[in-house]
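First up is the structure itself, then whatever we jot down about it.
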């Protein structure tokens, strides 16, 4: 088993240039991240970091705790925005009270150094022993007739190098888990619900590794619409070209700034 470290901390101030760079890498050019004029008209008032960019940096910290370990699952929420130019503290630490026998449970948190406001928090499970992946989900995936959007993409070594330069870290030989999450982020922020979507929560199980240069098809499907709160629940899945399920999960997004959000 890999030698473990109890915790890892990083203080970092993100920039608009890094938001723009992550948008180019992920394809998620949702204007709340890259268009100051659009963002000024939203509840944020200015551009905010991609949630998956925060998760990428946290993934790098998790790798310090268990170097080379795969990520079996991740559940995160984004209770407040992360702005460019604000000093932030990124933290990952082992959870001694986590479930036994299911890998290494790790707590995750991003907070503003100035006032302690938490902008991202959650948990992940790391597997230092190379198990096949998280157990497959029950056969309750949203039907093909559901309101949905898909995209297919290949990630190569150059994409991984760009991701690593932004602060990520992950086992070699496959697509890092946050880049799978970036496919969902891109779909949600650009296609469905669309431009202006704000990520609130994401839970993901990682069932299998995704080889570099493999054609990966990500899908998001609406499972519930709550118009009175401007909230939409979605199912998220990613498969290889032969249909192997790489990742599955669910997302919660706020659509109050989306021009034409999904209807109930």
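For segment 103-131, the set of residues classified as touching a strand residue (DSSP E or B) at 6+ places or on another chain (Cβ under 6 Å), at pLDDT below 95 and more than 15 Å from residue 64 (Cα to Cα) consists of 103 only. Determine whether segment 76-88 contains at least one residue that is under 19 Å from residue 8 (Cα atoms) and either crowded, with 17+ Cβ neighbours inside 10 Å or at pLDDT below 95 (or both). Yes, the conditions are met somewhere in segment 76-88. Could you say which residue among 210, 215 is in contact with a strand residue (DSSP E or B) (Cβ under 8 Å, 6 or more places away or on another chain), closer than 16 Å to residue 151 by Cβ and at pLDDT below 95? Of the residues listed, the single one that is in contact with a strand residue (DSSP E or B) (Cβ under 8 Å, 6 or more places away or on another chain), closer than 16 Å to residue 151 by Cβ and at pLDDT below 95 is 210. Taking the stated definitions as given, is residue 97 crowded, with 22+ Cβ neighbours inside 10 Å, without any contact (Cβ under 8 Å) to a residue 12 or more places away in the chain and not in a strand (DSSP E or B)? So residue 97 fails the test.
Can you work out which of the residues in segment 6-40 that are assigned to a loop (DSSP other than H, G, I, E, B) and touching a helix residue (DSSP H, G or I) at 6+ places or on another chain (Cβ under 6 Å) is surrounded by the most Cβ atoms within 10 Å (Cβ to Cβ)? Filtering segment 6-40 for residues that are assigned to a loop (DSSP other than H, G, I, E, B) and touching a helix residue (DSSP H, G or I) at 6+ places or on another chain (Cβ under 6 Å), the one surrounded by the most Cβ atoms within 10 Å (Cβ to Cβ) comes out as 30.
Yes/no matrix, rows are residues, columns are (1) modelled with pLDDT under 95; (2) part of a loop (DSSP other than H, G, I, E, B):
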| site | (1), (2) |
| --- | --- |
| 42 | yes, yes |
| 53 | no, no |
| 62 | yes, no |
| 67 | yes, yes |
| 72 | yes, no |
| 144 | yes, yes |
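Inspection of segment 152-164 finds a residue satisfying the criterion of being modelled with pLDDT of 95 or more, buried (at least 17 other Cβ atoms within 10 Å of the Cβ) and more than 19 Å from residue 60 (Cα to Cα). Taking the criterion of being under 13 Å from residue 57 (Cα atoms) and in contact with a strand residue (DSSP E or B) (Cβ under 8 Å, 6 or more places away or on another chain), the residues of segment 165-180 that qualify are 167, 170, 177. Within segment 230-255, being in contact with a strand residue (DSSP E or B) (Cβ under 8 Å, 6 or more places away or on another chain) and exposed (fewer than 14 other Cβ atoms within 10 Å of the Cβ) holds for one residue alone: 241.
The values are calculated or read from the model by the stated rules, or taken from the named source; none is laboratory data. Computed from a predicted structure; not experimentally measured. Ideal geometry is used to build each Cβ from the backbone, glycine not excepted, and the neighbour counts take in all protein chains shown.
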